[in-house]
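The block underneath contains the structure these notes are about, expressed in structure tokens.
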Amino acid sequence: MMTIYGNHLEVMEKILSHLVEDIKQYSSHYEHLNYRIKSDESMREKCLRKQLPVNENSVLHGITDSIGIRGVTSFLDDVYYCKDMIKSLDYVEVVKEKDYIKNVKKNGYRSYHMILKIEGYFVEVQLRTIAMDSWAALEHKVSYKHQLKNKELIQEELKRCADELASCDLSMQTIKTLIEEDEL
Amino acid sequence: MRLLLAEDEAALSRALKTLLENEGYEVHIANDGIEALQLVEEHIYDIMILDIMMPRLDGISTLKKIREMQISTPAIFLTAKGEVEDRVSGLEVGADDYLCKPFAIKELMARLHALHRRNNQKGCIEKGNIRLDMEKEELICHNSIRLSSRECRLLSYLMTHQKEISIDELSKQLTCDHTRMRVYMSYLNNKLKSVGSSFIVERKDGYYKLKEG
């Protein structure tokens, strides 16, 4: 059965598993890794949402997260360590980077995003801490509910939670660093 | 904005009420100190204007009792000219400002605006490009973050003092030892950096100081 990716699917799966293998070398820095080729259904939906024709060209050139990896780390510094490690792979070309940790989104969202090109295919990488990941999961649940009675209050409270989680992330990273540098 | 006007001179209070209502205030009138206390117990006011000379309970005693009720609503006294004692007592008992009779309406309005402006900013401290919201325990610069209660108080001391603060003094204020203090200052430094501020907390010879990095 033909997928929306046509003949490219096999190559894409190889690229994904190769990158994941290399990332797994540094497994001590990751809490867990999620990765996938975006399903046909999700792809179709995204094409329609972005008003692109539903074809091979759109999914390979118009949309950048057909191949997606999310790395969740225990500590904040690990996000940047893993980012540098991925960028240093010789077969990886970095197309775009967005640091939503140094530039927090208005709703409180924090993560490190990268769009890579490997053998001509786009790969999207998201790196974040456990705290950021649990927040994003809740926010995703909330944004999927269309009939929210107290939308503004919910958004305000989600932002507060994001900022409190960020504070904990920094405190824990600080404690870890102080111990490692023998100051505590 | 709701305003309490405690003034026993009926003609004056009626005139003031009309003028203040024109400015958008909701005005409650008390004819003496006892009435003022009753109103303050029932309602929340944004600002209070109190005449000093009032029957049954004078303005100074009234405000003293109000402040004893832990009500910190800003208050302006209307005083007779020349009575330095009144002005001093008024301020000492907890008034924020005073105005001598006869006064220009424009001046009363200007002082009311100034009080309101100051009161709204009570919960926020600003220094350079950082803002610390004491109530929300929120640090804001390029990004925002929430701080713990202790971090918030520590940062507020650092922001409101231009010179160094001794570690001993801070330890006393926050009831924590020097080692814990160091950890909290490290937290603050990392959090200041995370919101995009160039301020750093510097430690030198038993003192801490907030410096522009």
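Summary of values
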quantity	calculated
Theoretical gain in end-to-end length, residue B:177 to residue B:23 [0.36 nm per residue, Cα-Cα removed]	50.2 nm
Euclidean distance between Cα centres, region A:87-104 to region B:189-213, Å	29 Å
Whole-Hz ³J(HN,Hα) from phi, Karplus 6.51 cos²θ - 1.76 cosθ + 1.60, for region A:49-56, glycine and proline x	4, 8, 6, 10, x, 7, 8, 4
Region B:5-87: trypsin sites (Lys or Arg not before Pro) in DSSP coil with no more than 11 other Cβ atoms inside 10 Å	B:81
0 to 90° range, to nearest 10: angle between helix B:105-120 axis and chain B longest Cα axis	30 degrees
Estimated [θ] at 222 nm from DSSP helical runs (n ≥ 4, -39500 (n - 2.57)) normalised by residues in the protein assembly as shown, nearest 500	-14500 deg cm²/dmol
Long pairs among A:50/B:191; A:50/A:87; B:191/B:211; B:172/B:209; B:172/B:211, criterion Cα-Cα beyond 26 Å	A:50/B:191; A:50/A:87
DSSP beta bridges in the protein assembly as shown [antiparallel fraction, %, rounded to 5]	60 percent
Calculated FRET value between residue A:52 and residue A:151, using beta carbons and R₀ = 35 Å, to 0.05	0.75
Cβ-based charge dipole, chain B, positive-most Cα from B:208, B:94, B:3	B:208
Ascending count of other beta-carbon atoms within 10 Å, so fewest first, for B:77, A:122, B:103	B:103, A:122, B:77
Efficiency of FRET from Cβ geometry, residue B:149 and residue B:101, R₀ 56 Å, rounded to 0.05	0.80
From phi via Karplus (6.51, -1.76, 1.60), per-residue ³J(HN,Hα) for region A:153-163 in Hz, x at Gly/Pro	5, 4, 4, 4, 5, 5, 4, 4, 4, 4, 6
Extreme residue, positive dipole direction of chain B, given options B:139, B:60, B:27 (C-beta unit charges)	B:139
Under 16 Å from residue A:159, Cα to Cα: lysines that are on another chain or at least 8 residues apart	A:102, A:105, A:106, A:141, A:151, B:136
Shielding of A:158-165 by partner chains, average beta-carbon count, 10 Å	4
Charged-residue dipole, Cβ positions (Lys, Arg, Asp, Glu), region B:124-212 about Cα centre, Debye nearest 20	180 debye
Prolate/oblate/rounded call for region B:2-120, Cα gyration tensor, a/c under 1.5 rounded	rounded
Net charge dipole size for region B:2-120 [Lys, Arg +1 and Asp, Glu -1 on Cβ; Debye, nearest 20]	320 debye
Positive dipole terminus of the protein assembly as shown, leading residue within A:61, A:118, B:108 (C-beta point charges)	A:61
Karplus 3J(HN,Hα) series, Hz, for region A:132-147 with 6.51 cos²θ - 1.76 cosθ + 1.60 (x for Gly, Pro)	5, 5, 5, 5, 4, 5, 5, 4, 5, 4, 5, 6, 7, 7, 7, 9
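Values quoted throughout were computed directly from the atomic coordinates according to the rules given, and no laboratory measurement underlies them. Because the structure is a prediction, the values reported are computed rather than measured. Every residue, glycine as well, gets a Cβ built from its backbone with ideal geometry; the counts of neighbours run over all protein chains shown.
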